[in-house]
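A short worksheet on the structure shown next.
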Amino acid sequence: MADRRIFIKSIAGATAGLTIAGRSLAGIVLAEKKESDRLGDVLPKRKLGRTNEYVTILGTGGYHVGWTTERDAQEVVEAALEGGVRFFDTAESYGNGTSETRYGKYLTPNYRDLVFLMSKSTGKDAKTVREHLEGTLRRLKTDHLDLFQVHAISTPSDVDSRIELGVLDVLLKAKEEGKIRFMGFTGHQNPFAHARMLERTKESDIFDTVLMPVNVLDQSYYSFTQTIMSKAVERNMGILAIKSLADGRFFAQKAQTGWTTDDPLIPNYLSIKEAMHFVWSLPVSVLISGNENASFMREKIALARSFTEMTADQKTILINKVKNIALTGKIEYFKQKEG
């Protein structure tokens with residue numbers, strides 16, 4: 001009980017007053033005023049860690065862009081742009097390059113100058129990562145990425161292996177060549193892998209961002225938020241939140257995976273608004289949301305525009321309501337217990 005109280009107190013201290021414009025808080029700085037561009041009003045922005053970039057609090061997830069229909073993918077991109085989203089995520093592994101190819105058709109030809117564009121490589125060695133980067137730039141039809149990330153690290157030994165096989169050297173070289181502006185790493189299986197990457201790069205401090213699961217269940221089950229978030233804030237890294245709805249398993253069913261439940265988190269325990277506003281009430285720069293159609297994209301945009309910070313008590317109530325469900329591990333199925 002004492003440990004839980006300490007944790008809740010630390011989260012409350014890190015997030016109090018987060019929505020005050022221009023105020024620096026736990027490494028997060030909000031844009032001073034509303035922004036617009038040639039497409040219209042832009043969603044609220046937060047500073048991306050140590051960089052001088054401000055990114056919209058909602059980002060478009062590229063995984064869904066890669067597997068949904070061509071028409072839906074185009075409409076998601078268009079709805080995101082129209083709704084003020086200016087952060088776009090993808091990876092070479094999403095649909096075997098399909099996600100990047102679709103961005104290369106519907107996003108970058110006309111809007112590259114307006115968006116923050118990131119991709120990732122699952123490559124385990126220098127040669128593969130270099131090939132992935134070149135393919136990514138070609139498919140996206142751009143000469144540079146705003147952010148390129150070591151993708152889907154899984155265990156501490158995986159981290160050690162990738163470093164020893166030159167993966168980080170490729171990113172550093174690409175940065176020197178102007179092919180990438182910022183560097184990061186990602187993963188959703190194991191917070192111990194993230195901790196290892198932070199440990200291995202403590203002296204060089206080369207990473208600008210870290211991507212990880214952030215949701216109300218994560219607080220109680222192999223928590224990235226408890227294990228990694230404070231470390232990333234101390235390093236002044238931009239925190240990219242994913243799986244805020246646990247890859248859709250907050251809902252009663254997810255047709256493409258066969259997931260079903262008679263006791264869904266949404267709406268039985270919380271609303272989608274509460275789930276997403278919980279994440280934005282933590283020191284994250286952007287919540288990356290995957291949407292397979294434009295209607296879902298517009299729903300998330302509306303939630304971003306309606307955001308108000310949750311109090312510490314509100315967050316604690318939500319955490320406690322779903323704690324027993326979290327501990328089963330069934331909803332956050334993508335996590336693994338091994339350290």
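Read-outs throughout are calculated quantities, based only on the coordinates presented, and are distinct from any laboratory measurement. On a predicted model such as this, the values are computed, not experimentally measured, just so you know. Neighbour counts run over all protein chains shown; Cβ positions are idealised from the backbone, glycine included.
Considering only Thr225, Thr260, Thr316, give the residue with the highest GNM mean-square fluctuation for the chain, with springs between Cα atoms whenever their separation is below 10 Å.
It is Thr260.
Taking the Cα centre as origin and putting +1 on Lys and Arg beta-carbons and -1 on Asp and Glu beta-carbons, what dipole magnitude results for the range 74-182, to the nearest 20 debye?
Here the size comes out at about 200 debye.
Kindly flag which residue pairs out of Lys120/Lys179; Lys231/Lys323; Lys243/Lys330; Lys34/Lys120; Lys105/Lys300 have an alpha-carbon separation exceeding 19 Å in this structure.
Lys231/Lys323; Lys34/Lys120; Lys105/Lys300
Could you give the size of the charge dipole of the range 209-339 about its Cα centre, using +1 on the Cβ of each K and R and -1 on the Cβ of each D and E, expressed in debye and rounded to the nearest 20?
120 debye
Given springs between every Cα pair under 10 Å in a Gaussian network model of the chain, which of Arg46, Arg38, Arg112 has the largest fluctuation?
Checking each option, the largest mean-square fluctuation is seen for Arg38.
Taking N as the number of residues in the range 42-139, what value does Rg over Cα atoms divided by 2.2 N^0.38 Å take?
Normalised by 2.2 N^0.38 Å, the Cα Rg of the range 42-139 equals 1.08.
Normalise the Cα radius of gyration of the range 155-197 by 2.2 N^0.38 Å (N = residues in it) and let me know the number.
Here the answer is 1.26, to two decimals.
Describe numerically, in nm with one decimal, the distance between label points set 7 Å from Cα along Cα→Cβ at His144 and at Ala302.
Taking the simple label geometry, His144 and Ala302 are separated by 3.9 nm.
From the residues His188, Gln226, Val286, which one has its Cα farthest along the dipole of the chain in the positive direction, the dipole being from +1 and -1 charges on Cβ of Lys/Arg and Asp/Glu about the Cα centre?
In the chain, that residue is Gln226.
I'd like the GluC sites (Glu not before Pro) in the range 168-214 restricted to DSSP loop residues with at most 10 other Cβ atoms within 10 Å, sorted by number. Provide the component values of the computation, followed by the final result.
On the way: sites: Glu176, Glu177, Glu199, Glu203; in loops: Glu177, Glu203.
In loop regions of the range 168-214 (DSSP not H, G, I, E or B), the sparsely surrounded GluC sites (Glu not before Pro) are Glu177, Glu203.
One quarter of the convex hull surface, Cα atoms only: what value does that give for the range 223-265 in nm²? Numbers along the way, then the final one.
Values: hull surface 15.3 nm².
Its Cα hull, projected and averaged over all orientations, spans 3.8 nm².
Fully extended, how many nm does the chain gain between Ala312 and Ser154 (0.36 nm per residue separation, minus their Cα-Cα distance)?
Extra length from Ala312 to Ser154 when fully extended: 53.7 nm.
Can you work out ³J(HN,Hα) from phi for every residue in the range 52-59, in order, using Karplus 6.51 cos²θ - 1.76 cosθ + 1.60 and θ = phi - 60°, giving whole Hz and x for Gly and Pro?
Result, rounded to whole Hz: 9, 8, 10, 10, 5, 5, 10, x.
Considering all projection directions equally, how large on average is the shadow of the alpha-carbon convex hull of the range 233-339, in square nanometres? All intermediate terms of the calculation are to be shown ahead of the outcome.
Working: hull surface 33.0 nm².
Over every viewing direction, the Cα hull of the range 233-339 projects on average to 8.3 nm².
What does the convex hull of the Cα atoms come to per residue for the range 265-326, in Å³?
99 Å³
Rank these for me by crowding, Leu240, Leu270, going from fewest to most other beta carbons within 10 Å.
Result, fewest neighbours first: Leu270, Leu240.
Let me spell out the model: positive unit charges on the Cβ of Lys and Arg, negative unit charges on the Cβ of Asp and Glu, origin at the Cα centre of the chain. What dipole size does that give, in debye rounded to 20? Intermediate values should be presented prior to the final figure.
Values: 46 positive and 42 negative charges, 98 e Å.
So the magnitude is around 480 debye.
Amide H neighbours of Phe116 under 5 Å, counting only residues 5+ apart in sequence or on other chains, H built in-plane at 1.01 Å?
Those qualifying (amide H under 5 Å, at least 5 residues apart or on another chain) are Phe87, Phe88.
Taking the range 129-219, how much of its Cα-Cα pair set, in percent, is spaced more than 17 angstrom apart? If you can, show how the numbers build up before the last one.
Working: 2031 of 4095 pairs.
Within the range 129-219, distances greater than 17 Å cover 50 percent of Cα pairs.
Would you mind counting up the charge near Thr136? Only other residues with Cβ under 12 Å from its Cβ, with Lys and Arg at +1 and Asp and Glu at -1.
Cβ neighbours under 12 Å give a net charge of +1.
Roughly how large, in nm² to one decimal, is the mean projection of the convex hull of the alpha-carbon atoms in the chain?
15.8 nm²
Taking the chain as a Gaussian network, Cα atoms linked when under 10 Å apart, which of Leu43, Leu140, Leu172 shows the biggest mean-square fluctuation?
Sorting by GNM fluctuation, first place goes to Leu172.
Just want the answer: with Cβ charges of +1 for Lys and Arg and -1 for Asp and Glu, which residue in His277, Ala79, Gly166 is farthest toward the dipole's positive end in the chain?
Going by the charge dipole, the pick is His277.
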